[in-house]
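To start, the structure itself, in C-alpha cells.
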Amino acid sequence: MGWHFHHRHPPLEKTAERRMPARVIFMRLLKYLSPYKGWIAAVVLSVIVTSITDIASPYILGREIVSRYILRGDLEGLKAIIAIFIGIQVANWIANTVRMYGLGKIGQSLLFRIREKVFEHLQELSFSFFDRSDTGDLISRVTNDTDAIGEAFTSGLIQVASDILILFMTVAVMFSINVQLSLASMIVVPMIVAIAIIFNSKFRAAYQMQRTRISNVTSKLQESISGIREIQSFTRERDAMKEFRNANLENFQANLRATKVWGTFFPTIQLMQAIGISIVILYGGWLSLNGALGPVEDAVGTLITFTLYVGMFFGPIFDLTNFYNTIQSAFAAAERIFEILDVEPEIKDSKDAVEIPKVRGEIEFRNVTFGYNSKQPVLHNISFHIKPKETIALVGPTGAGKSTIVKLLCRFYDPQKGQILIDGYDIKKIKRRSLRRQMGIVLQETFLFSGTIMDNIRYGRPDASDEMVMAAAKLVGAHEFIERLPDGYNTKIGEGGAGLSAGQKQLVAFARALLRNPAILILDEATSSIDPYTDLLIRKAMKLLLKDRTSIIIAHRLSTVRDADRIFVIDNGRIVEEGNHEDLLRKGGLYSRLYEMQFKEPSAEAIASSSRKRK
Amino acid sequence: MLNKPMAFISKLARYIIRRWHLLIFMIICTLLTTYINIYIPRLGGQVIKNILEARDFNALVWLVIQIVGFTGVLGILSFLSRYTNGYFSQKIVYEIRNDAFRSIQRQSLAFFNKTDTGQLISRATTDAERIGRFLGFQFRMLIETSFLLVGVVASMVMIDLELTCISLALLSLILVNFSLFGKKIRPVISESRGHFARLTSVLWESISGIRIVRAFAMEDYEREKFKKPNDAYYRSMMKAASLRATFIPITGLIGGLMIATVSWIGGLRIIEGKMGVDTLYVFSYYAAMLTRPMRLIGMIWTGYQRMAAAGERVFQIIEAEPEVKDKPNAIELKSLKGHIKFENVYFGYDKKPILKNINLEIKPGETVALLGPTGSGKSTIIHLLMRFYDVTSGRILIDGYDIRDIKIRSLRKHIGVVSQEIFLFNKSVRENISFGKPDASMEDIIRVAKIAQAHDFIVKLPNGYDTVIGERGIDLSGGQRQRIAIARALLLDPKILILDDSTSSVDVDTEYEIQKALSALLKNRTTIIITQRISTIRNADKIVVMDNGEIIEEGNHESLMAKKGAYYRLYQTLYEAQKEVLEAVEARKKLEKEKLILTRDGGE
C-alpha cells in the first residue's frame, strides 16, 4: 500500500526522503491553484511592477535627480522628475498592496481547500487505514503540513520569481550605465553568496537545537507536575529541581548560541555592504578622476546609483540560497498530504446498492474467508446463522478472530470469499450507512466526544428529545451519577470538562447505544478494572440492553457468557464449538479448557500483549 | 490598571538589577554604535564632495579606509551589545523559570487541584519566554531607538531645521500607521488562533473517535462539524491578510514621499546655492535611518504590554505561597514507631466540610482498611496524614507529635505511598522502583520487585529492568503499574504505609498477583488501605466504614458482620461483585499449591 511513517514530526531537514518526484508534487499543487487564475495573473503583474519600480528609484535618485537636474540647476526638470518619482512610488505602493492581498487570497484558499479535502477523504477511508496510522501524525498532516505548504509554496514561489527578476534587472541596468564599474561592484557577490549559504545552515541548526531543547524543558515540567504526588511523597523535590535546572540550562545555552549566530550575522552583512560600497567608491572615483564616467555631475549620480544597487543585492541572494530549503520542506509537507489523499477507500457502496428496510435482525455468515492481508486468512470458511433477538457470546483466545467477525458484520472490511447476509440481504449490496444506522456498537475503549453528556448520549440520534435521552440514561442506570454532576446532563466532558471514570463512560456509551434502539447490537466487553459498584450497574444495564434485539458480544465476563443463548467458541479463525454454557461444559471440549484457561489461569498473552510497545 | 504593571516591573527589576554591570556595558556599546552610525554617512558626504570638488584620490582612499574600518568596529560593538543583551535576557528567563519550577514543587495539592497543568506549563515556558523576548529585543530596541532618535534628529537639525521638521512630520505618519495596524490586527490574530485550536480539536476527535463515527454512520455530521472552524479560520486569516496588505505597503509609500520631498526642497536649496549635494546626501541618509525606529516604536509598546501580561502570570506562580509549610521550629523525626491518632479532625474547603469530627487511633503495626462510597472522605484522610493539606480543626498525631510540628520532608520520608492513580516516570523500571531511594543497590531493587510480584514480568520486558516505561516508553497494564508502585514503596521500608486501591480487579490475573503482593507488604508496619478488595478487608485488624465525611462504623470483620449494619450491607454488595473472581483465584491458589507439592515431590 506504500504507506510508511518515516517522519512523525514535520521535518525541516533534508533527511526526509521524498518518494514522489518534485515535478509531480509541483503539478498537483498547481492544480489546486487553477481556480485562482485571475488572482495569479494580478499577483504576477504586481510583482513585475514592484520589481521595476524598486529598481527605478536608485536610478532616478542618482542619475536623474542629482546629476541631471540638481547639479545642473534645472528647476523645471527637477519638478518634472520629482513628479515622476512620486508616481513611481504610488505605483509601487498599489502593486505591493495587490501582491500582498493576492498572495493571501491564493494561499489561504489553497489551505482551506486542502484541509477540507483531506478531512472529507479521511471520512471515507476504511478502517484498515486507521489501524495503520497514528492519530497525532494524521492531525499534524492536516494542520501543520498544510500551513507549511501555504507559506512556502505560494509566497516562496512568488518571492523567488521577484528576486530573480530584481537581480537580473539590476545587473542589466548597471551594465547599461557602465560595464567596468558594474564588474567591479560584482566582486562582493560571491562573498555574499558564501555568507548566505553559511548563515542559512547555521540558522537552521540553531533553530533546530532551540526547538528540541525547549521541548525538553516542557516535558520535564510536564512530568514533574503530573508526578507531583510521587515527588512530594518520596521527597524527591531536590532531584526534580536538579533535572529541571539541567534541561533549563541546556535551553539557555541553545538560545545563547542562536544569539551568537544572529549577533554575527548583521555585522557581517554590514561589513560586506561597506566593502562593496567602498569598491564602488574607490574604483568609481578613480574612473571619474580619469574622466571615464563623463562630467563630474554624472559621475556623482552614477556613484550614488551604484552604491544603492550594491545594497540591493543582499536580500534576493539570501532568499535564493534559502529557496531550496523552503521549497523542499513545502514539497515534503505536500507529499505527506498527498499520501493521505492517494489512499483509496477499500470499501465503497456498489452502484446498485439499496437502502435496507427495517431490520429484523437475522444474520447469516456463508463460507466466509477473510484476512487482513490476502495471504494470511484470519477467518477460514466460517458459516453460522443467528435468529432475530438471539444473544450470542463470542469466546476464544486473543487473535482467534472474534473481533474480525464483528468488523465484517459492520462492513468495516469485506470478506475475500463468501457472503454475509442480514435479513437475507447480502450486505455488499446494501448502502453501508443504511446498514449501520440500524446497528449499535459499544466498544471496549469507550470514546466520548467533548461536549455535554446530553450531546454524547444523543450522538447517534441527533433528533432525540431531552426526555428520550434521560429515559435511555435511566434505563442503563446512568441517570443517578449524571444528576450528581455539577451541571447534570449539561456537564461538559472531554477536554477541559469533568473527567468520568471508566465505568461511568461505559454507562454513557450504553445509553448512547440504547437511544438508537438498534436492531442489531454489538458489544465488546471491557476487561479493565472498574470499581465493584459500577461493575454491578454495568451488568444490570447490559441485560437491559440485550433485550429485544440481536446481540453479539465479545465476552470477557463469566456472567455474560453464561447468560448468552448460544456461545460460539472461536479458535484459529474457525468456529470450533457452539452451544450454551452447560452443554459446552459437559462436552469437555475446547470450551471447558478455555474456561479453565481464561478464567482460572493467567494467560500468557495478557503479559505479552501488555508489554507491547505503544504505537 | 497602571498599578499592576508597575508592581510587576519592580519584581522584574530585581532580576535585572542583579546584572546591572551587563546592562551598563550594553548601554555603553549602544552609545558607541549610535555615534558611529551617525558618523559614517558624513564620510559618504565627504566622498561626494571630494569627487565633485577636491578630486584627490589619496584623500578618497583614506575616506574608504575609514568607512570600512568604522564599519568593522561598529560590527564588533554591535555584536558585543547583542550578545550581552542575549546573555542578560536569557539568563533572566533561566532564573525566572527555575524560580517558577521551585515554587511549583513547593505547592500543596490544593494548588494543583485549582490549576490546570497546561496552564502551569505555558506560564513557565511560553510566558517566561515572552519576558525574554521583550528584554532581548524590544528592550534593546528601546535603548537603541532612543539614542538614535536623539542623535540623528540633532544632526539633522544642525543641517536644516525646516527640512527636519518636514521629514519628521512625514515619518510620524509611519508611526501612526503602524500603531493603527497593530491595534487592528491583534484581535484578528487572537481570533484566528482560537479558530485554529477548535479546528485541531474537531480533527483530533473525529480521528480518534473514527470507529464511533463510522459505527453510528455520522460522517456527514462530522463533515459539517469540521466545516465551521475551517471556514472561520479561513475568514480570519483572510482578514489578517487584507489588513497586512492595506497597512504595510503604506510605509514604503511614506518613505518614498519623504525622499521625494527632501530631494525637492534640498534640490531647491542646492540650486539656490544654500546647500551642497554632499549635505543633502547626508541629510537623506539620516532621514532614511529614522524609518526603522518609527516602525519599531509601536512594536515596542505592544511588546511591553504583552510582556507585562505574561510576567504577571509568571510571577503569580513564583509568589504563590504554599498552603502547607514547615513551622520555623519544626522538628526532624529521626525514627518512628508508627502510632497514628486523629483527634476531632475537621476538614473542608469553604463551608463544605469533607471530614467531620474524625477520631481514629491506629497502633504501631496495625492494618486498617478504609471503606465507603466515592466521595466519603477516605482519600482525604490519607492526604491529611501525608500533609498534602492541613486540617481545618483538630489535630493528627504521629507517635504523639502533632504533624504540623514535624518537618514535612521528614514526615513524608517515613511514609510509603501507593496511590490510586499511579504515576510512573518516563525512566527505566529500575529508576522508577528506586525513585524514593536513588542510591539503592540492584540486589535491593530485585528483592523488592520479587516481593511485589513484579520481578517475573519485568524480566520479560524487552530490556528487563532497564526498559523505559511511562509516557513515552512501554505501556504497562494497570496491575503491572500497581505492582511497580508497590515495589517502589517497599524499597523505602517505611514504618507507615498508605495504599489507595479503590478498584477491584475484574480480571483474575491481577487480583491473584496483587493479593500475593499485598500480604508481603503489610508485614511489620502500620498500614492504611483504601480498598474494595474483600480479601484485604477480611484480613485487616480494623475496618473503618465511612460515609459523608464521617466514620460510621469501626471494628474487625467478625464484629461488624455481627452488627448487621452498614458494613454488613456493603460487604454483601462487594461480595456479589467479586464472587466470581474470588472463586477463580481460590481455585488457582489451590492449583498452585498442588503443583508446588507435585514439583516438590518430583524434585526430592
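Please treat every number below as a calculation from the coordinates, not as lab data. If you're wondering where the values come from, they're calculated on a predicted model, not measured in any experiment. As a convention, Cβ positions derive from the backbone with ideal geometry for all residues, glycine included, and neighbour counts pool all protein chains shown.
Ellipticity at 222 nm from helices only: DSSP H runs of n ≥ 4 in chain A, each -39500 (n - 2.57), divided by the residue count, give -19500 deg cm²/dmol. When the alpha carbon gyration tensor of the range A:99-147 is reduced to an equivalent ellipsoid, its three semi-axes come out at 28, 11, 4 angstrom, largest first.
Rounded to a whole number, what is D in µm²/s for the protein assembly as shown from Stokes-Einstein with the Kirkwood radius over alpha-carbon pairs (10 °C, 1.306 mPa s)? The calculation lands on 44 µm²/s. The angle separating the long axis of helix A:188-226 from the principal Cα axis of greatest extent in chain A is about 30 degrees.
Rounded to the nearest 5, the antiparallel percentage of DSSP beta bridges internal to chain B is 50%. Net charge within 12 Å of A:A56 by Cβ-Cβ distance, Lys/Arg positive one each and Asp/Glu negative one each, not counting A:A56 itself? In short, -1. Note: relative contact order over chain A, using C-alpha pairs below 8 Å and six or more positions apart, is 15 percent. According to the Kirkwood relation over distinct C-alpha pairs, the hydrodynamic radius of the range A:302-404 is 21.2 Å. The simple spin-label model puts a point 7 Å past each Cα toward its Cβ; for B:R409 and A:V90 those points are separated by 7.5 nm. Charge dipole (Cα centre; +1 on Lys/Arg Cβ, -1 on Asp/Glu Cβ; no other charges) of the protein assembly as shown amounts to roughly 360 debye. Within the shell of other residues whose beta carbon sits under 14 angstrom from the beta carbon of A:H385, the net charge comes to -1, with Lys and Arg scored +1 and Asp and Glu -1. For the range B:362-467, applying the loop criterion from DSSP together with a ceiling of 12 other beta carbons within 10 Å to the trypsin sites (Lys or Arg not before Pro) yields no site. Between B:K593 and A:S592, the C-beta separation translates, for a Förster distance of 22 Å, into a calculated FRET efficiency of about 0.50. The lysines within cross-link reach of A:K429, meaning a Cα-to-Cα straight distance under 19 Å and a gap of 8 or more places when in the same chain, are A:K348, A:K351, A:K358, A:K407, A:K417.
For each pair in A:K242/B:K516; B:K413/B:K590; B:K495/B:K542; B:K337/B:K516; A:K242/B:K91; A:K402/A:K540, compute the distance between the two Cα atoms and list the pairs where it is over 28 Å. Exceeds cut-off: A:K242/B:K516; B:K413/B:K590. With the simple spin-label model, which puts each label point 7 Å out from Cα in the Cβ direction, the A:D583 to A:S201 separation comes to 7.6 nm. FRET efficiency for the pair B:T117 and A:E76, taken as 1/(1 + (r/R0)^6) with r the Cβ-Cβ distance and R0 = 56 Å, rounds to 0.15.
The tail of the calculated P(r) for chain A, taken as Cα-Cα distances beyond 36 Å, holds 60 percent of the pairs.
Its residues counted as N, the range B:180-279 yields a C-alpha radius of gyration over 2.2 N^0.38 Å of 2.10.
Angle of helix B:161-208 to the longest C-alpha principal axis of chain B, folded into 0 to 90 degrees and rounded to 10: 30°.
Note on chain A: with charges restricted to the Cβ of Lys and Arg (+1) and Asp and Glu (-1), its dipole about the Cα centre is near 920 debye.
Near the amide H of B:V417, within less than 5 Å, lie the amide hydrogens of B:I498, all on another chain or at least 5 residues away, with H placed in the peptide plane.
The length gained by stretching the chain between A:N144 and A:S34 to full extension, at 0.36 nm per residue less their Cα-Cα distance, is 37.3 nm.
Against chain B, whose longest principal axis comes from its Cα atoms, helix B:277-289 is set at around 20 degrees.
Ordering B:Q572, B:L521, A:F119 by Cα displacement along the dipole of the protein assembly as shown toward the positive end leaves B:L521 in first place; charges were set at the Cβ atoms of Lys, Arg (+1) and Asp, Glu (-1). Of the three principal axes defined by the Cα atoms of the range B:422-493, the extents in descending order read 28, 21, 20 Å. The range A:237-309 and the range B:238-295 have Cα centres lying 23 Å from one another. Taking R0 as 60 Å, what FRET efficiency do you get between B:A562 and A:E346 from their Cβ-Cβ distance, rounded to the nearest 0.05? FRET efficiency, B:A562 to A:E346: 0.40. Paramagnetic label reach from B:E272 (point 7 Å along Cα→Cβ; backbone nitrogen cut-off under 14 Å): within the range B:137-174, residues B:160-164. Here the contact order of chain B, divided by its residue count and restricted to Cα pairs under 8 Å and six or more residues apart, works out to 14 percent. Considering only A:Q253, A:Y283, A:F234, and ranking their Cα positions along the charge dipole of the range A:188-292 that arises from unit charges at the beta-carbon of Lys, Arg, Asp and Glu, the one farthest toward the positive end is A:F234.
Sparsely packed loop sites in the range A:347-421 (the GluC sites (Glu not before Pro) outside DSSP H, G, I, E and B with at most 15 other Cβ atoms within 10 Å) comprise A:E355. Evaluated with a Cβ-only charge set (Lys, Arg +1; Asp, Glu -1), chain B carries a dipole of roughly 980 debye about its Cα centre, given to the nearest 20. The radius of gyration of the Cα set in the range A:188-292, together with its Dmax, comes out at 24.7, 88 angstrom.
Summed over all non-identical Cα pairs, the Kirkwood treatment of chain B gives a radius of 31.4 Å.
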